[in-house]
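Data block below; observations after.
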Amino acid sequence: MNSKKKDIGKGLKILLVEDEIMLAESIVEFLTMKNYDVMHMPNGLDALVKIKNFEPHIVLCDIAMPVMDGFQLLKQVRANPKFNDMPFIFLTAKVEKHDFRWGMELGADDFITKPFTFEELERSIQSRLDRKNQILATLPSKHSKAIITKLTPDERGSFSKLISLTKTEKMVFENIAKGKTTAQIAEEFYISPKTVENHRYNIMQKLHLEGTNSLLKFALKIKSEFA
């Protein structure tokens, strides 16, 4: 049992971006004890440089930092297709409603308010990693062949482009496939209906689908085949 607990974070890389040195040292010590591979950066700019080489599985990031703050870092990270589905958790002393909404619209996965316990932190880490795996599992792989024979030529083209969706677009697509409305999706992910509509438009453009009815029909068909 103890051996199993020790290996909880084995093979998982975490990038911690925090300018409070004492807090950062405590978090690094705790996560290292849990066998995570942790890299600490004191600001967003240093983290942006490091992230390309370190390629973390998840980012823990303070919001108010010198040089480059957490929001600016998240925006840069989500602009890179290689990292647009990487879980990103904000660590912050307080969260105003507009900050929370802005962070979610940029693609944040969670907010943890300081002070927090290490147990709360690890639960959030595991929850976000599990959520990412669930989302990816609901979408077909690029080389999936079983479903292709059941699709029309146009649908096959859309199917092959599913892997180009960003993390947020994948979540929206998944919920469209569940038959949820724009308002329901917006409420679930704490974003505005307008933002959901923007994601719908981007999805249709990437999948070469014309109109929301075509998107809904395609999403439902994919969901039914992988149910």
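The values are calculated or read from the model by the stated rules, or taken from the named source; none is laboratory data. Predicted, not measured: the structure shown is a model, and the values here were computed from it. Virtual Cβ from ideal backbone geometry, glycine too; neighbours counted across all protein chains shown.
See the values below:
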{"read-out": "Test for Glu120: is it more than 15 Å from the chain's Cα centre (by Cα), closer than 24 Å to Ile58 by Cβ and at pLDDT 80 or above", "value": "yes"}
{"read-out": "Lone unmet requirement of (1) surrounded by 15 or more Cβ atoms within 10 Å (Cβ to Cβ); (2) in contact with a His (Cβ under 9 Å, 6 or more places away or on another chain); (3) in a helix (DSSP H, G or I) for Asp154", "value": "(1)"}
{"read-out": "Every residue from the stretch 88-105 that is farther than 11 Å from Gly70 by Cα and of a type in the set (A, V, I, L, M, F, W, C)", "value": "Ala93, Val95, Phe100, Trp102, Met104"}
{"read-out": "Yes/no for Phe159 being in contact (Cβ under 8 Å) with a residue 40 or more places away in the chain and closer than 18 Å to Leu74 by Cβ", "value": "no"}
{"read-out": "Residue ranges of helices (runs of 4 or more DSSP H) in the stretch 170-227 with at least 3 members more than 19 Å from Met104 (Cα to Cα) and outside the structural domain of Lys97 (by TED's automatic domain parsing)", "value": "193-207, 212-225"}
{"read-out": "Residue pairs meeting the criteria (Cβ under 6 Å; at least 6 apart or on separate chains; first closer than 14 Å to Ala79 by Cα, in the stretch 102-116; second polar (S, T, N, Q))", "value": "Glu105/Thr195; Gly107/Thr168"}
{"read-out": "Selected residue (only one of Arg128, Arg78 is over 18 Å from Gly44 (Cα atoms) and surrounded by 12 or more Cβ atoms within 10 Å (Cβ to Cβ))", "value": "Arg128"}
{"read-out": "Answer residue from the stretch 168-220, given it is crowded, with 19+ Cβ neighbours inside 10 Å and basic (Lys, Arg) and is modelled with the highest pLDDT among those", "value": "Arg200"}
{"read-out": "Test: Glu29 is at pLDDT 95 or above and either surrounded by fewer than 14 Cβ atoms within 10 Å (Cβ to Cβ) or touching a helix residue (DSSP H, G or I) at 6+ places or on another chain (Cβ under 6 Å) (or both)", "value": "yes"}
{"read-out": "Options Ala47, Ala64; residue that is within 23 Å of Ser127 (Cβ to Cβ) and either in contact with a Lys or Arg (Cβ under 6 Å, 6 or more places away or on another chain) or not basic (Lys, Arg) (or both)", "value": "Ala47"}
